[in-house]
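Shown next, in structure tokens, is the structure this report addresses.
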Amino acid sequence: MARPSIFITGAAAGIGRATAKLFVAEGWLVGAYDIDRPGLDSLQQEVRTGSLVTGVLDVRDVAAWEKGMAEFFAAAGGRLDVLLNNAGILYSGPFESITPEQHHRLVDVNINGVINGCHAALPYLRRTPDSRVINMASAGAIYGHPSLASYSASKFAVRALTEALDLEWQQYGVKVRDVWPLYVSTAMVDNLQARSIKTLGVTLTAEDVARTILRITRDKGGRLHWPVGWRTHVLAGSVKLLPGRVSRLLTRWTST
Ligand SMILES: NC(=O)c1ccc[n+]([C@@H]2O[C@H](COP(=O)([O-])OP(=O)(O)OC[C@H]3O[C@@H](n4cnc5c(N)ncnc54)[C@H](O)[C@@H]3O)[C@@H](O)[C@H]2O)c1
């Protein structure tokens, strides 16, 4: 039986890269895909193993998804245990300071990229017992976030896709989960223009998130959403328990 395999988008840097390294260390075959070829080459050099397959893939490109998936499935000996839809981009600041083109690009990568990935991967996931999709959402999927409005909206969409597809794909034995980190120390948060990064702080590392992703692959239960870090657990719990007006006040207090 071939070893388990994971296909990771946005794997050249940040959370995707840390996850690729962790899964290689855990004995998986890892497909690391990104638009950043030099970043993938440096990952390959760092890992130096036959357990890593790399490829250039823009998550907005449907044809590239079909080609990348077919190639990786063959390299993995006919199994796809996990698709990690991790690639994402962020524009921050007042809504009107971000151009419509930037908002659209964000939606295209963060939402259509996930839709494309789920579409391309399903035929292969269905052929692998106990397979799953893990989508990278964010604490921004808990309550709409000022200065990150379209980013937050894109992560709400990822959350909804996760909930809907987990129900739809029960019939195929494919689980769908998502991850909700608060701020993580990666290039994405360099120069981020949102007050909440000061009030809430950047306390998570990419490795913290990678470890949560590994836990999700081992989980036999039905938990869909995986906050990372105690602050995210508190935020998620308070929105669930407190009246809407209090959640709004809490968000206003931390972010405006
Ligand atoms: N850093 C944070 O604070 C944080 C918090 C919560 C969620 N997230 C989410 O985690 C994911 C990874 O973020 P990160 O912090 O590692 O960011 P990062 O900027 O460090 O890495 C993102 C990677 O995605 C790649 N990428 C960008 N556009 C792409 C495309 N069209 N196709 C394929 N690859 C593309 C980049 O080349 C880069 O390697 C994103 O979905 C992000 O929204 C990040």
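The values are calculated or read from the model by the stated rules, or taken from the named source; none is laboratory data. The shown structure was predicted, so the numbers you read here are calculated from the model rather than taken from an experiment. Using ideal geometry, Cβ is built from the backbone for each residue, glycine included, and neighbour counts are taken over all protein chains shown. Note: areas computed on protein heavy atoms with side chains; ligands, DNA, RNA excluded. Shrake-Rupley method; radii C 1.70, N 1.55, O 1.52, S 1.80 Å.
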Worksheet entry | Close pairs (9 angstrom Cβ cut-off, 6 or more residues apart or separate chains): under 19 Å from V176 (Cα atoms) and in contact (Cβ under 8 Å) with a residue 24 or more places away in the chain in region 6-22, polar (S, T, N, Q) and part of a helix (DSSP H, G or I) anywhere | I6/T19; I6/T217; I8/T19
Worksheet item: If I134 passes every condition in (1) within 15 Å of the ligand (Cβ to nearest atom); (2) under 30 Å from R245 (Cα atoms); (3) touching a Leu at 6+ places or on another chain (Cβ under 9 Å) but one, which one does it miss?
Response: (2)
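When the residues of region 43-57 are filtered to those that are in a loop (DSSP other than H, G, I, E, B) and open to solvent by less than 40 Å² (accessible area, probe 1.4 Å), which remaining residue is nearest to W28 (Cα to Cα)?
Of everything passing the filter in region 43-57, S51 is nearest to W28 (Cα to Cα).
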Item to complete: Would you be able to tell me the number of residues in region 167-190 that are within 16 Å of the ligand (Cβ to nearest atom) and small (G, A, S)?
Response: 2
Worksheet item: Which residues, counting only those in region 9-40, are within 8 Å of the ligand (Cβ to nearest atom), surrounded by 24 or more Cβ atoms within 10 Å (Cβ to Cβ) and assigned to a helix (DSSP H, G or I)?
Response: I15, G16, R17
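If I ask for residues that are in contact with a strand residue (DSSP E or B) (Cβ under 9 Å, 6 or more places away or on another chain), assigned to a helix (DSSP H, G or I) and either open to solvent by 60 Å² or more (accessible area, probe 1.4 Å) or farther than 25 Å from T212 by Cβ (or both), which ones from region 69-108 would you list?
Initially, region 69-108 is screened for residues in contact with a strand residue (DSSP E or B) (Cβ under 9 Å, 6 or more places away or on another chain), giving 69, 71-73, 75-77, 79-88.
Adding the requirement that they be assigned to a helix (DSSP H, G or I) leaves 69, 71-73, 75.
Once the filter is applied, which keeps residues that are in contact with a strand residue (DSSP E or B) (Cβ under 9 Å, 6 or more places away or on another chain), assigned to a helix (DSSP H, G or I) and either open to solvent by 60 Å² or more (accessible area, probe 1.4 Å) or farther than 25 Å from T212 by Cβ (or both), region 69-108 yields E71, F73, A75.
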Worksheet item: Restricting attention to region 145-191, which residues are among the aromatic types (F, W, Y), in a helix (DSSP H, G or I) and buried (at least 22 other Cβ atoms within 10 Å of the Cβ)?
Response: Y151
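Is it the case that region 90-99 has a residue that's under 20 Å from D178 (Cβ atoms) and either of a type outside the set (K, R) or near the ligand (Cβ under 10 Å from one of its atoms) (or both)?
Step one: list which residues in region 90-99 are under 20 Å from D178 (Cβ atoms), which gives 90.
When the remaining residues are screened for being either of a type outside the set (K, R) or near the ligand (Cβ under 10 Å from one of its atoms) (or both), the result is 90.
Scanning region 90-99 turns up at least one residue that is under 20 Å from D178 (Cβ atoms) and either of a type outside the set (K, R) or near the ligand (Cβ under 10 Å from one of its atoms) (or both).
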Item to complete: Determine whether Q193 is in contact (Cβ under 8 Å) with a residue 60 or more places away in the chain and more than 10 Å from the ligand (Cβ to nearest atom).
Response: yes
Response to the item:
With criteria (1) at pLDDT 95 or above; (2) more than 10 Å from the ligand (Cβ to nearest atom); (3) open to solvent by 10 Å² or more (accessible area, probe 1.4 Å), I6 comes up short on (3)
Worksheet item: Can you name the condition, by its number, that W180 falls short on among (1) at pLDDT 95 or above; (2) more than 22 Å from A18 (Cα to Cα); (3) in contact with a Phe, Trp or Tyr (Cβ under 9 Å, 6 or more places away or on another chain)?
Response: (2)
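Here is a check on your reading of the model: is G221 more than 13 Å from the ligand (Cβ to nearest atom), farther than 25 Å from I115 by Cβ and part of a helix (DSSP H, G or I)? Lay out the reasoning, then the answer.
On the way: more than 13 Å from the ligand (Cβ to nearest atom): yes; farther than 25 Å from I115 by Cβ: yes; part of a helix (DSSP H, G or I): no.
Considered against the rule, which asks whether it is more than 13 Å from the ligand (Cβ to nearest atom), farther than 25 Å from I115 by Cβ and part of a helix (DSSP H, G or I), G221 comes out as no.
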Worksheet item: Which one of the conditions (1) open to solvent by 40 Å² or more (accessible area, probe 1.4 Å); (2) free of Cβ contacts under 8 Å to residues at least 24 places away in the same chain; (3) within 23 Å of G16 (Cβ to Cβ) does L241 fail to meet, given that it meets all the rest?
Response: (3)
